[in-house]
Amino acid sequence: MSFKRSSGILLHPTSLSGPYGIGDLGPQAYRFIDFLAEAGCKLWQVLPLGPTGYGDSPYQCFSAFAGNPYLISPEILIEQGLLLPDDLADMPSWDPSQVDFGKLYIWKPGLLDKAYERFILMPHGDIHTEFETFCSDNANWLDDFALFMAIKDANGGVSWNEWPDGERDRHSDLLEKATREYSVVIWRQRFRQFLFFRQWNTLRSYVHSKGLQIVGDIPIFVAMDSSDAWSNPHLFFLDEFGKPSVVAGVPPDYFSPTGQLWGNPLYDWPKHKQTGYKWWIDRIRSTLQIVDIVRIDHFRGFSGYWEIPGKAATAEHGRWVPGPGADLFNAIRDELGDLPIIAEDLGEITPDVVALRDMFELPGMKILQFGFSGPDNPFLPHHYTSNCVTYTGTHDNDTSLGWYRSAPPSERDFYHHYISRDNEDVSGDMLRTIWSSVAVFSIAPIQDFLRLGSDSRMNFPGKVGGFWGWRMSGRALNDQLKNYIRELNWVFQR
């Protein structure tokens, strides 16, 4: 699929400002879309939108299909009569600059349960018909997910492979019993998903009305503790107790001298092939129903992936194993047509990864922060082709200003040679560099437009806890910034 030259901002909804402890799909999201449109941007890039679990990472979700209920806007629920202002009387106080996930996980589910209770007491109307249709249309993943979350709750939140044998192994009689016993919790879970997708789809329609598109994100792997692994154990390398025999990660790299031990279960690709890659086709189709373009995280894993023994303490000792390659993407294309996919082709990239990416004409990614080792570095714009997406940095990188302050002296020195500027406005100079490039898309995190330092980075790969919580100030989206971005887009014809 060919893309048009344009630009965008990377900002996960959790990072929006607002009074309810976390960015959500309410008025501040609409304000941000207005800001993007008025600034001349055409793209809004988000991270995965699924329900987060341990570590709060959107790359470790309880489902590859479900939405994150913590993004549901209380304000919209009040407007729709599903909540009353008094229902928020017990809301904790929040730090406006950070998501306090611990407090949020205690408070917001109770609020959403109040909305469900009010919903079931309403006279049967359009919203009830809409809910019934949603449950029917999404039963292929929703029923398993709602049951998974209910059983998980009943077992104190532990991972599914630590549940009692019958629930862990999905014995039909015990699942039927659990469905009856946890019926109320299951319906609450379905309702939360209904609310998320109802609000998201309304927001997405608004995005389209402003001439914008949403760039979404699919992590290549699913979380070990997910409805996907529990309900499809045959599609993963799991033993009879639900423990992974091998897990995902990457070998030692730029980010970590011991590699990154992600711990995700690995796919049994021959089993997927036997089904015609149905699960993957369903996943891509589902994602493209809520976003317009998909960035596939760790694309190189489709060509070859780093397999680590299940009991390993680090990612240092593993082996490269071939992935499904073109066979998978041919199956997806045959079913879904052209692929509006961005390939996250970072890390240890070998010729087979490049060949797979180019076979399907997928744009790869260029990270400017990685480029300052010398003039032959492929992340420098003079090496770009138009079929790529360039970033100052991503959610996994430091901010541009933070990068500069901590970069080795040799990189800072080459930065000055290349950019031909002093260090008075590092963030602005890096933005201008990628906006002026031939890359079809130029995208940067909002932190770089705000000239923020390391204390505002979103994530640090390999470190658990203390990340994913950054939030933007309510005063950040001002006319001065909007005009600055609009001029960048005008000058460089984005």
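The values are calculated or read from the model by the stated rules, or taken from the named source; none is laboratory data. Predicted model, so just to flag it, every value in this text is computed and none were measured. Neighbour counts are summed over all protein chains in view; Cβ atoms, including those assigned to glycine, are modelled from backbone coordinates with ideal geometry.
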Task: Subset of region 465-493 that is over 22 Å from G453 (Cα atoms) and in contact with a Gly (Cβ under 7 Å, 6 or more places away or on another chain) - its residue that is surrounded by the most Cβ atoms within 10 Å (Cβ to Cβ) - done: N489
Task: Selection status of T52, over 30 Å from G337 (Cα atoms), touching a residue at least 12 places away in the same chain (Cβ under 8 Å) and in contact with a Lys or Arg (Cβ under 8 Å, 6 or more places away or on another chain) - done: no
Task: Top-ranked residue in region 352-388 [being in contact with a Pro (Cβ under 8 Å, 6 or more places away or on another chain) and touching a residue at least 60 places away in the same chain (Cβ under 8 Å); ranked as surrounded by the most Cβ atoms within 10 Å (Cβ to Cβ)] - done: L368
TODO: Name the residue, out of C41, C61, that is at pLDDT 95 or above and either surrounded by fewer than 20 Cβ atoms within 10 Å (Cβ to Cβ) or more than 30 Å from S386 (Cβ to Cβ) (or both).
DONE: C61
Open item on the list: Being acidic (D, E), buried (at least 16 other Cβ atoms within 10 Å of the Cβ) and part of a helix (DSSP H, G or I) narrows it down to one residue among D153, D144, D173; which is it?
Closed with: D144
TODO: Confirm whether A37 is closer than 30 Å to S6 by Cα, touching a Gly at 6+ places or on another chain (Cβ under 9 Å), of a type outside the set (D, E, K, R) and part of a helix (DSSP H, G or I).
DONE: yes
Task: Subset of region 161-188 [of a type in the set (K, R) and at negative phi] - done: R168, K177, R180, R188
Open item on the list: Exactly one of these conditions fails for G67: (1) assigned to a loop (DSSP other than H, G, I, E, B); (2) farther than 22 Å from I220 by Cβ; (3) at pLDDT 95 or above. Give me its number.
Closed with: (2)
Open item on the list: Looking at (1) at pLDDT 95 or above; (2) at negative phi; (3) not aliphatic (A, V, I, L, M), which one does W468 not meet, given that it meets all the others?
Closed with: (2)
TODO: Identify, from the list D217, D225, the residue that is surrounded by 16 or more Cβ atoms within 10 Å (Cβ to Cβ), modelled with pLDDT of 95 or more, in a strand (DSSP E or B) and charged (D, E, K, R).
DONE: D217
- [ ] Identify, from the list S406, S442, S400, the residue that is small (G, A, S), under 30 Å from T258 (Cα atoms) and buried (at least 20 other Cβ atoms within 10 Å of the Cβ).
- [x] S400
Open item on the list: Condition first: among the charged types (D, E, K, R), without any contact (Cβ under 8 Å) to a residue 24 or more places away in the chain and in a loop (DSSP other than H, G, I, E, B). Now tell me which residues in region 395-423 satisfy that.
Closed with: R421, D422
Task: Residues of region 435-458 classified as touching a residue at least 60 places away in the same chain (Cβ under 8 Å), within 26 Å of P340 (Cα to Cα) and of a type outside the set (S, T, Y), total - done: 9
